[in-house]
Amino acid sequence: MKQQNTKSTGRVGRPPRSDASNRSKAADAALPFRAAASRRTTSRTQDIDRHVGARVRERRIMLGLTQQQLADLIGVTYQQAHKYERGINRVSAGRLYEIAQVLSVPVSYFFDGLQAENSRPVSPRERMCLELARNFAQIPNERHQEALSQLARVLATD
């Protein structure tokens, strides 16, 4: 029986391949361009994942939900919900639909403002508005909510 060569590749029955002999010169020349295009695509998709996650977080806070509550409603762990919001893990289409149902928004909500986004950080004013919306949603008494809403209207017209 003939001994099979497994010296450098660990592949049974094939000799180790030489990169230079198995790749054409045209493929070698195209490698830098493919790598650059791949990096651009990866960067862009990561930006989109972060945008979608930020919109999930924004809506969750507006509704006064914790990450744990959102996770329970969509059937994932707290850690997974956190990764979705940070854009670390990509949200599948089915999961995004489920999140949209739980947060009472259309799926397109998560992509709103994507073209106009300049990758700027959230301003203190925007953060305060989100906190105000979250606190308002947690007021159990509708009369108190209405009174606060009227107060805000009066203060805004001054």
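For the reader, a short list of remarks on this structure follows.
- Protection proxy ranking for 130-142, 92-104, using the average of other Cβ atoms within 10 Å per residue and placing the highest first: 92-104, 130-142.
- Potential lengthening of the chain between residue 112 and residue 68 amounts to 13.4 nm, from the contour at 0.36 nm per residue minus the alpha-carbon distance.
- Virtual spin-label span in nm between residue 78 and residue 147, 7 Å along Cα→Cβ: 3.5
Since every read-out is calculated from the coordinates, none of them should be taken as a lab result. The shown structure was predicted, so the numbers you read here are calculated from the model rather than taken from an experiment. So basically every Cβ, Gly included, is an ideal-geometry build from the backbone, and we count neighbours across all protein chains shown.
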